[in-house]
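First up is the structure itself, then whatever we jot down about it.
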Amino acid sequence: MNAEAPGTPDTSSTPGTPGASGTPGAPGHPDSPGRIVLLTASHRVAPGLLSWPAWQTLHAADRVLCADPDHPQLPYLREAGVHVEHAAPSADELVDACAGGRTVVVLTGGEGNQPLTDGLARLGGSGRVAMPDLELLPGSYDLPGARLLDLVQVMDRIRRVCPWTSQRTHRGLAKYAIEEAYELVEAIEDGDRTELREELGDVLLQVVFHARIAEEDPEEPFDVDDVAGGLVEKLIHRHPHVFGDETAETPEDVHDHWLRTKAIEKQRTSVTEGVPLGQPGLALAAKLGSRARTAGLDVPLPTGDTIGYELLALAVAAEATGTDPEAALRAAARAYRDAIVAAEGGAG
C-alpha cells in the first residue's frame, strides 16, 4: 500500500510545519504553548474525503489522537501515512502534549467533543497555564439535504426493531397520510411556522416510511432512492425552461409546459384520468372543472334536486375565478367555529 494516498499533500516543505518558525511564542518555537486542532468530519460524507487544509494539518502535526478505535476515518489516514494514536486525553494532558510549540490534532466525531472543549475552556479561564492556540477545523461539510440520510437510517432501524412499526403495511398507513396532509394544511392556514416545520416532517415521515416498507416487497421492491430518483427525473423533464432550451416568461407559460409534458408522459385518454375521486367533494368538483376548462371542453353541469348539484356549481364557478372552494369553505367554517366559541363564552 502506498505511503501516501492520491490527492494528499507532500508536507516535507510546507511552511508552518512544526519547527519551521523561529519567532518566540509562535507555533513550532520551543517557548510556544503550541497548538490544539480539533478536527471534525461529517459522518454523512464518505470517509477519506477531507478538505485540503485538513490533510495539510494532519501531515504537519506532531501528534494525531483519536479516542475511537473504530473511527471511520482511521483506515484512510493510515493509507495516507498519517500515524494516529488511540488516546482520549484530558484537557490538562492535551495542553501538556502541546508544550514546546507542538501541534496536536484531535480527531473527533462530527459533533465535536463537548467534554474536552468544556475542559479546555475551564482551564483557559483559570489563568493557571499558558494555553495553546485552539482551532476547530472541519474536515468535511454537510451538503444541503444531508440530514435526510439520517432520517433514512433511523427509519430503517425502527422498521427492523420496533414491534409496532415492523408490522405496518401500505394500506394500514394510508389513513395517516391523509391525516398528516390535513394537519399540514391547517398549519399553513394558521401561519404557525413552528407547526409548519413539524407537520412537514410528519408528511416526510410518511414518504420515508412507505418507501422503507416497499423495500421488502418480494416482487416489485423499490426504496427511497428510487422514489427520489424518479421525482428528480420528473422535475427535470417537466421544467424544460430551467434544464432545457425552452423559455417561460410567466407562471402561465410554466403551467402550459407542465401540462404538455405531463400529457405526453401519461398518454391519457381522458382529462379526468389521474383525478382522485376519494378527495374532499369541493376539491374534487373544482379539480374536474379545472381539467375541463383547461382542455377547452364546454360541458354543461349536471342538474338535480339535491344540494349536491348546487355545491357542484358553486365549486366549479369558484375555481373558474381563481378561488379554491375547499380553502374558502374551511376559512368560513373556522370563522363559524370562532363564533361558536364566543357564544359559549357569552353564555357562561
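The values are calculated or read from the model by the stated rules, or taken from the named source; none is laboratory data. Quick caveat, the model's predicted, so the values are computed rather than measured. Every residue, glycine as well, gets a Cβ built from its backbone with ideal geometry; the counts of neighbours run over all protein chains shown. For the accessible areas, the whole protein counts, side chains as well, though only heavy atoms, and no ligand, DNA or RNA atoms are used. Shrake-Rupley method; radii C 1.70, N 1.55, O 1.52, S 1.80 Å.
If Pro325 meets every condition in (1) within 26 Å of His257 (Cα to Cα); (2) out of contact with any helix residue (DSSP H, G or I) (no Cβ under 8 Å at 6 or more places or on another chain); (3) open to solvent by less than 60 Å² (accessible area, probe 1.4 Å) apart from one, which number is that one?
Exception for Pro325: condition (2).
Any residue in the stretch 310-338 that's in a helix (DSSP H, G or I): show its pairings with residues that are open to solvent by 60 Å² or more (accessible area, probe 1.4 Å) at Cβ separation under 6 Å, as long as the two are six or more apart or on different chains.
Here the result reads Ala313/Leu301, each pair linking the stretch 310-338 to a residue that is open to solvent by 60 Å² or more (accessible area, probe 1.4 Å).
Considering the stretch 41-73 alone, what residues qualify as being without any contact (Cβ under 8 Å) to a residue 12 or more places away in the chain and in contact with a strand residue (DSSP E or B) (Cβ under 8 Å, 6 or more places away or on another chain)?
none
Scan the stretch 127-155 for residues that are modelled with pLDDT of 90 or more, over 20 Å from Cys66 (Cβ atoms) and more than 23 Å from the chain's Cα centre (by Cα) and jot them down.
Met131, Asp133 - these are the residues of the stretch 127-155 that are modelled with pLDDT of 90 or more, over 20 Å from Cys66 (Cβ atoms) and more than 23 Å from the chain's Cα centre (by Cα).
Where residues in the stretch 287-298 are surrounded by 13 or more Cβ atoms within 10 Å (Cβ to Cβ) and either among the polar types (S, T, N, Q) or outside any helix (DSSP H, G or I) (or both), which of them is modelled with the highest pLDDT?
So the residue we want is Ser290.
What pairs come up if the first residue lies in the stretch 163-188 and is under 23 Å from Glu215 (Cβ atoms), the second is open to solvent by 80 Å² or more (accessible area, probe 1.4 Å) and assigned to a helix (DSSP H, G or I), and their beta carbons are under 8 Å apart, counting only those six or more places apart or on different chains?
Here the result reads Ser166/Arg160, each pair linking the stretch 163-188 to a residue that is open to solvent by 80 Å² or more (accessible area, probe 1.4 Å) and assigned to a helix (DSSP H, G or I).
Please verify whether Leu200 is within 30 Å of Arg168 (Cα to Cα), open to solvent by 80 Å² or more (accessible area, probe 1.4 Å) and under 26 Å from the mean Cα position of the chain (by Cα), treating the condition exactly as stated.
So Leu200 passes the test.
For the stretch 162-176, name all the residues that are open to solvent by 100 Å² or more (accessible area, probe 1.4 Å), over 14 Å from Leu205 (Cα atoms) and assigned to a helix (DSSP H, G or I).
Gln167, Arg171
Starting from residues that are part of a loop (DSSP other than H, G, I, E, B) and of a type in the set (Val, Ile, Thr), keep the ones in the stretch 74-96 and report whichever is surrounded by the fewest Cβ atoms within 10 Å (Cβ to Cβ).
This residue is Val84.
Consider Glu246 carefully, then state whether it is free of Cβ contacts under 8 Å to residues at least 60 places away in the same chain and either open to solvent by less than 70 Å² (accessible area, probe 1.4 Å) or more than 22 Å from Gly278 (Cβ to Cβ) (or both).
The answer is yes for Glu246.
Given the options Ile158, Ile188, name the one that is at pLDDT below 95, in contact with a helix residue (DSSP H, G or I) (Cβ under 9 Å, 6 or more places away or on another chain), open to solvent by 50 Å² or more (accessible area, probe 1.4 Å) and in a helix (DSSP H, G or I).
Ile188
Could you tell me which residue of the stretch 57-73 is surrounded by the most Cβ atoms within 10 Å (Cβ to Cβ), considering only residues that are in a loop (DSSP other than H, G, I, E, B) and either of a type outside the set (Gly, Ala, Ser) or in contact with a His (Cβ under 7 Å, 6 or more places away or on another chain) (or both)?
The extreme case among them is Gln73.
Of the numbered conditions (1) out of contact with any His (no Cβ under 8 Å at 6 or more places or on another chain); (2) in a loop (DSSP other than H, G, I, E, B), Ala248 satisfies every one except a single condition; which is it?
(1)
For the stretch 97-133, how many residues are of a type outside the set (A, V, I, L, M) and surrounded by 13 or more Cβ atoms within 10 Å (Cβ to Cβ)?
15
Give the residue, chosen from Leu277, Leu284, that is under 27 Å from Glu183 (Cα atoms) and surrounded by 13 or more Cβ atoms within 10 Å (Cβ to Cβ).
The conditions single out Leu284.
Take the residues in the stretch 134-155 that are touching a strand residue (DSSP E or B) at 6+ places or on another chain (Cβ under 7 Å) and open to solvent by 70 Å² or more (accessible area, probe 1.4 Å), then tell me which one is farthest from Cys98 (Cα to Cα).
Once the filter is applied, the top-ranked residue is Leu136.
Can you tell me which residue within the stretch 204-224, out of those that are without any contact (Cβ under 8 Å) to a residue 24 or more places away in the chain and of a type in the set (A, V, I, L, M, F, W, C), is nearest to Asp156 (Cα to Cα)?
Looking at the filtered set, the residue picked out is Ala211.
Scan the stretch 97-119 residue by residue and report those that are within 29 Å of the chain's Cα centre (by Cα) and assigned to a loop (DSSP other than H, G, I, E, B).
Passing the criteria: Thr108, Gly110, Glu111, Asn113.
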